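Colleague: Next up is a structure, given as structure tokens.
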Amino acid sequence: MVDVNQHNLVPEHTVLDDPERVEEVLEEYNVNKTNLPKIKKNDPALRETDAEPGDVVEIVRNSRTAERAVVYRLVVE
């Protein structure tokens, strides 16, 4: 079986465990949790995490213009 998390095209996914960090992100973008783009709990990229519905996931991608781009997703069922 192939581990998709080891593929070079799959960006790093990290669950934000610190509620204060989540609040900082929401304030920075001036949004509510429910306004974040969604990612399903059973997404293969989340297989190695302990993400539960309601968690916020930080995704760090490579970017041609900014070297790295950080995006956030809300985990849903």
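Read-outs: derived from the displayed coordinates by stated rules, not from any lab. Quick caveat, the model's predicted, so the values are computed rather than measured. Reconstructed Cβ throughout: ideal geometry from the backbone, glycine too, with neighbour counts over all protein chains shown.
Colleague: Could you identify the single residue in 49, 65 that is surrounded by 13 or more Cβ atoms within 10 Å (Cβ to Cβ), assigned to a loop (DSSP other than H, G, I, E, B) and not hydrophobic (A, V, I, L, M, F, W, C)?
Modeller: 49
Colleague: Consider residue 58 against the criteria (1) among the acidic types (Asp, Glu); (2) under 12 Å from the mean Cα position of the chain (by Cα); (3) part of a helix (DSSP H, G or I): it satisfies all of them except one. Which criterion is unmet?
Modeller: The single condition residue 58 does not satisfy is (3).
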